[in-house]
Amino acid sequence: MPDIALALALHALAAVVWVGGMAFAYAFVRPALGALEPPARQALWRGTFARFFPVVWVSIAVLLASGYYVLFQGFGGFAGAGMHVHLMHLLAWVMTAIFAYVFFGPWRRFKAGVDGGDPASAKAAIERIRVMVAINLTLGLIVVAVGASGRYWG
């Protein structure tokens, strides 16, 4: 089934991009930005997220399309899938909802604050984004672990 193999490869790559991007931003970029003054930090985040968030939307589309393809072509639907697949499915939708909230809420407020010269509102919005990224990163790491190990569960 080369089509299943391709779907799984695309699925893994999309997950690596999304979860890896969050890990990089949260664990490496954020701490390094402490050396910058707040306006420079906000400008850097503005540029970073403006590039990363469209890629996340593409990753979500690839993850959902490839995941459902494998679910229905490889497992014959939900009834044929193991618990790990059901768990990944649930967490995928939770993560997508959290990202949509960030994108349509705090991200828009952050952009408006930075672009409009309102650093206080930008600061509040970026703090909310930070919390939500921490939650989504945690969920993403769980999904990766489940995806890698789930087929071997008892």
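Here, each number is a calculation from the coordinates, and none is a lab measurement. This one's a predicted model, so the numbers in the text were calculated from it and none came from an experiment. No Cβ is skipped: glycine too gets one built from the backbone with ideal geometry, and neighbour counts run over all protein chains shown.
Please specify each residue of the stretch 31-47 satisfying the condition of being surrounded by fewer than 17 Cβ atoms within 10 Å (Cβ to Cβ) and under 22 Å from W57 (Cβ atoms).
L44, G47
Counting just the residues of the stretch 104-118 that are out of contact with any helix residue (DSSP H, G or I) (no Cβ under 6 Å at 6 or more places or on another chain) and in a helix (DSSP H, G or I), which one comes out surrounded by the most Cβ atoms within 10 Å (Cβ to Cβ)?
The residue in question is W107.
Is one or more of the residues making up the stretch 75-82 surrounded by 15 or more Cβ atoms within 10 Å (Cβ to Cβ) and either touching a residue at least 12 places away in the same chain (Cβ under 8 Å) or assigned to a helix (DSSP H, G or I) (or both)?
Scanning the stretch 75-82, I find no residue that is surrounded by 15 or more Cβ atoms within 10 Å (Cβ to Cβ) and either touching a residue at least 12 places away in the same chain (Cβ under 8 Å) or assigned to a helix (DSSP H, G or I) (or both), so the answer is no.
Residue under question is I126, and the condition is that it be in contact with a Phe, Trp or Tyr (Cβ under 9 Å, 6 or more places away or on another chain), under 19 Å from A23 (Cα atoms), surrounded by 15 or more Cβ atoms within 10 Å (Cβ to Cβ) and not small (G, A, S); does it hold?
yes
Anything in the stretch 83-103 that is under 19 Å from A148 (Cα atoms) and crowded, with 18+ Cβ neighbours inside 10 Å? List them, or say none.
H84, V85, M88, A92, M95
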